[in-house]
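Here is the structure we will look at.
The values are calculated or read from the model by the stated rules, or taken from the named source; none is laboratory data. Quick caveat, the model's predicted, so the values are computed rather than measured. Here the Cβ positions follow ideal geometry from the backbone for every residue, glycine too, while neighbour counts run over all protein chains shown. Quick note on the areas: whole protein, heavy atoms, side chains included, nothing else; ligands and nucleic acids left out. Shrake-Rupley method; radii C 1.70, N 1.55, O 1.52, S 1.80 Å.
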Amino acid sequence: MSAEPTPTDLSRSDAKRRAILDVASEVFLAQGYAATSMSEIAARLGGSKGTLYNYFRSKEELFSAFITDTCQGPAMAIFDHLPASGAGKPIRENLTSLGVAFLGFILSPKLIAINRVVVGETGRFPELGRMFFDAGPGRGEARFAHLVERAMDAGELRPEDPVRAGRCLKDLILSDYHHRQLWGVLGEITPARIEAHVAYVVDAFLRAFAPLV
């Protein structure tokens, strides 16, 4: 029987996985998916391709892990820090805080670079679009739906389909700014500019989904 891995073995394995993801992130974002090879990533790590394959069985699996690592933790933390509906803060304040954090994350250079890679290469590699959606936008959409559903249950929003209402909120927050950043024409992104945009669209959302009197 093989011995159980020790805590030291596990920490070394975690550190190696972290190093692989860090290097993969640099290469994928600089060169795109098609131009990146497992051999190059292994060479940059200073190890063998066989060692790399011990952690990730294919370039597709490594790309998926890179997307998940980049998108899930930081994005989900934005929602996790929100208080429950009716727990003290007005809904406008909650949604504005969420919108500012969410838009700042989406407009960050790394997220914009990932979007460009996925959009640029999904035509040749359709699996990239699905990978990206499942790891990032799809999970975010579910969290928006849950958020507005809680607000509806608390009487802060009119009862509607929470998925559709959540999409409306998300799309309003991203409106114009996300595309302009993808195209490189947004200009300087100051905190005041983001806050003003989010305050405006949250107000529009609340008018649209205000409880029926």
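At 1.4 Å probe radius, can you tell me the per residue accessible area of the chain in Å²?
For the chain, the per-residue accessible area is 54 Å².
With axes computed from alpha carbons, what is the tilt in degrees of helix 191-208 against the longest principal axis of the chain, rounded to the nearest 10 within 0 to 90? The two axes meet at around 60 degrees.
Per-residue ellipticity at 222 nm from helix content only, as computed over the chain with -39500 (n - 2.57) for each DSSP H run of at least four residues, stands at -23500 deg cm²/dmol.
If eta is 1.002 mPa s and T is 20 °C, what Stokes-Einstein diffusion coefficient results for segment 92-160, Kirkwood Rh from Cα pairs, in µm²/s?
154
Remark: the chain carries a charge dipole of roughly 280 debye about the Cα centre, counting +1 on each Lys and Arg Cβ and -1 on each Asp and Glu Cβ.
All Cα-Cα distances of segment 11-62, cut into 5 Å bins from zero to the largest, leave 4, 21, 37, 26, 9, 2, 0 percent in each bin in turn.
Helix 126-135 and the longest principal axis of the Cα set of the chain meet at an angle near 60°.
What net charge do the residues around Val27 carry, taking every other residue with its C-beta under 11 Å from that of Val27, with Lys and Arg at +1 and Asp and Glu at -1? Working shown, then result.
Working: positive: Arg44, Lys59; negative: Asp22, Glu26, Glu40.
Once all neighbours under 11 Å are counted, the net charge is -1.
Principal axis analysis of the Cα atoms in segment 107-213 yields extents of 50, 33, 16 Å, listed in decreasing size.
What net charge do the residues around Glu121 carry, taking every other residue with its C-beta under 14 Å from that of Glu121, with Lys and Arg at +1 and Asp and Glu at -1?
Surrounding charge for Glu121 is +2.
Nearest 10 degrees, 0 to 90: what angle lies between the long axis of helix 137-153 and the longest principal axis of the chain (Cα atoms)? Helix 137-153 sits roughly 30 degrees off the main axis of the chain.
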